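Read through the structure below, which is laid out as structure tokens, and then see the notes.
The values are calculated or read from the model by the stated rules, or taken from the named source; none is laboratory data. As the structure is a prediction and not an experimental result, all values here were calculated from the model. Here the Cβ positions follow ideal geometry from the backbone for every residue, glycine too, while neighbour counts run over all protein chains shown.
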Amino acid sequence: MNSTRKKAAPTRILIIYTGGTVGMVMDDATGALKPIGFKEIRDNIPEIVKLGYEVEVHAFNPPMDSSDMHPEVWIELAGIIEKNYHDHDGFVILHGSDTMAFTASALSFLLENLSKPVVLTGSQLPIGEIRTDAKENIITALEIAAARKAGKALVPEVCIYFDYQLFRGNRSKKYNAEKFEAFYSMNYPPLAEAGITIKYQRQYILKHPEEALKVHRKMDPAVSVLKIFPGITPATVEAVLATPGTRAVIMETFGSGNATTAAWFIASLRAAIKKGLIIVDITQCDGGAVELGRYETSRHLKEMGVVSGHDMTFETALAKLMWLLAQKHSKARLRELLETSLRGELTNA
């Protein structure tokens, strides 16, 4: 007796091309790099066809340099993913490397209950260069976005793929402007490493959510940054704390959260918090975590109500604050959520 087997539907991937070095060519007139469209990228990577996926493209027109990235674009990207979510198995975002970690962090909060891969990648050399890293990054990012087991995505989260390693997006940081291995994740292991095969570290990957995707559409950029340094003056601190419209300040401190114990400094922070300002303490170090109260130099910060950023990166602290400030939380609840891991962005104490 003859039987027929239903042919499996092809894997569908949406590439969102925002711009960046990955799509740059040299301008003969000026000698500077300028953006091109996705057609040229596709023409330079004929291997994409061999993957056997149905690949669709949403290209920004015109492409944008990642230095121009801002919260409205993050919200636009989340909307594009929401619109195409049920028709695609995964998403690859081609993005400039300079602000890639910011975008990945923001999307991790905007895309709540994400159950499909959103892989950001780019390159250090333009697609047309002989030694470009763009080809491998794009091809492997597509494979990761398509990877499934038992009908479920292997990596149901926002991540960054660069130079043979896959990192959680909100744990990533660009640390090198010249090497191909431009990103690292000091406080969290890679989610996968690509060699002859792609080896997934499933114990480090977020679990599939039980609820449906929820896309947030608001971010509040009312955030300022206070970077502590030896010799910082009262005028500098006051200028940041009193910035008009500021609702929260990210304070980058020494080591495990330490700062000067000068009386004027403590008084300035205490007065700002009393007026309702949220102050989040993160370390200037790329690795390690804030431990308020561990040393005398951070005990005062803890007592006055400075919020610990634990081991969040600067990029993630910024994105998380902008996202939380846009919601109708009480101050107490907002402080609680800042110190709680919501998307795997920090290691709970």
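Within this structure, Glu345 passes the test of being closer than 21 Å to Arg217 by Cα and not assigned by TED's automatic domain parsing to the domain that holds Asn113. Considering only residues that are among the β-branched types (Val, Ile, Thr) and either under 29 Å from Tyr175 (Cβ atoms) or at pLDDT below 95 (or both), which ones fall in region 268-313? Within region 268-313, Ile278, Ile279, Val280, Ile282, Thr283, Val290, Thr297, Val306, Val307, Thr313 qualify. Tally time: how many residues in region 120-135 are without any contact (Cβ under 8 Å) to a residue 60 or more places away in the chain and in contact with an Asp or Glu (Cβ under 8 Å, 6 or more places away or on another chain)? Total satisfying the criteria: 1.
Here is the figure for region 136-153: residues that are part of a helix (DSSP H, G or I) and farther than 14 Å from Ile15 by Cα total 1.
A count restricted to region 195-213 and to residues that are in contact with an Asp or Glu (Cβ under 8 Å, 6 or more places away or on another chain) and not in a loop (DSSP other than H, G, I, E, B) stands at 2.
Return a yes/no flag: does region 103-119 have any residue that is modelled with pLDDT under 95 and in contact with a strand residue (DSSP E or B) (Cβ under 8 Å, 6 or more places away or on another chain).
Quick first cut of region 103-119, residues modelled with pLDDT under 95 only: none.
Checked against the condition, which is being modelled with pLDDT under 95 and in contact with a strand residue (DSSP E or B) (Cβ under 8 Å, 6 or more places away or on another chain), region 103-119 yields no hits at all.
Beta carbons closer than 6 Å, at least 6 apart along the sequence or on distinct chains, pair a first residue in region 15-42 that is of a type in the set (Asp, Glu) with a second that is modelled with pLDDT under 75 for Asp27/Lys34. Out of Gly31, Gly19, Gly52, report the one residue that is loosely packed, with under 13 Cβ neighbours inside 10 Å, assigned to a loop (DSSP other than H, G, I, E, B) and modelled with pLDDT of 85 or more. Step by step, each of Gly31, Gly19, Gly52 is checked, and only Gly52 is loosely packed, with under 13 Cβ neighbours inside 10 Å, assigned to a loop (DSSP other than H, G, I, E, B) and modelled with pLDDT of 85 or more. Taking each residue of region 156-182 that is farther than 22 Å from Gly288 by Cα and looking for partners that are among the polar types (S, T, N, Q) and assigned to a strand (DSSP E or B) with beta-carbon atoms closer than 8 Å, six or more apart or interchain, yields Tyr161/Thr121; Phe162/Thr121. Might you let me know whether region 322-342 holds any residue that is in contact (Cβ under 8 Å) with a residue 40 or more places away in the chain, surrounded by 22 or more Cβ atoms within 10 Å (Cβ to Cβ), among the charged types (D, E, K, R) and not assigned by TED's automatic domain parsing to the domain that holds Ser172? Looking for residues that are in contact (Cβ under 8 Å) with a residue 40 or more places away in the chain, surrounded by 22 or more Cβ atoms within 10 Å (Cβ to Cβ), among the charged types (D, E, K, R) and not assigned by TED's automatic domain parsing to the domain that holds Ser172, one finds none in region 322-342, hence no. Residues in region 141-162 that are under 17 Å from the mean Cα position of the chain (by Cα) and charged (D, E, K, R): Glu157 alone.
Is there a residue in region 115-124 that is assigned by TED's automatic domain parsing to the domain that holds Ser185, part of a loop (DSSP other than H, G, I, E, B) and among the hydroxyl-bearing types (Ser, Thr, Tyr)? The answer is yes, given that some residue of region 115-124 is assigned by TED's automatic domain parsing to the domain that holds Ser185, part of a loop (DSSP other than H, G, I, E, B) and among the hydroxyl-bearing types (Ser, Thr, Tyr).
Among the residues of region 219-229, at least one is out of contact with any helix residue (DSSP H, G or I) (no Cβ under 8 Å at 6 or more places or on another chain), touching a residue at least 40 places away in the same chain (Cβ under 8 Å) and in a loop (DSSP other than H, G, I, E, B). Of all residues in region 252-276, those that are under 14 Å from Val307 (Cβ atoms) have Cβ atoms under 6 Å from Cβ atoms of residues that are part of a helix (DSSP H, G or I) and at pLDDT 95 or above, 6 or more apart or on another chain, in Ala272/Leu241.
For Thr261, are the conditions met, namely being part of a helix (DSSP H, G or I) and of a type in the set (Ser, Thr, Tyr)? In short, no. The lone criterion from (1) among the small types (Gly, Ala, Ser); (2) touching an Asp or Glu at 6+ places or on another chain (Cβ under 9 Å); (3) surrounded by fewer than 18 Cβ atoms within 10 Å (Cβ to Cβ) left unmet by Ala289 is number (3).
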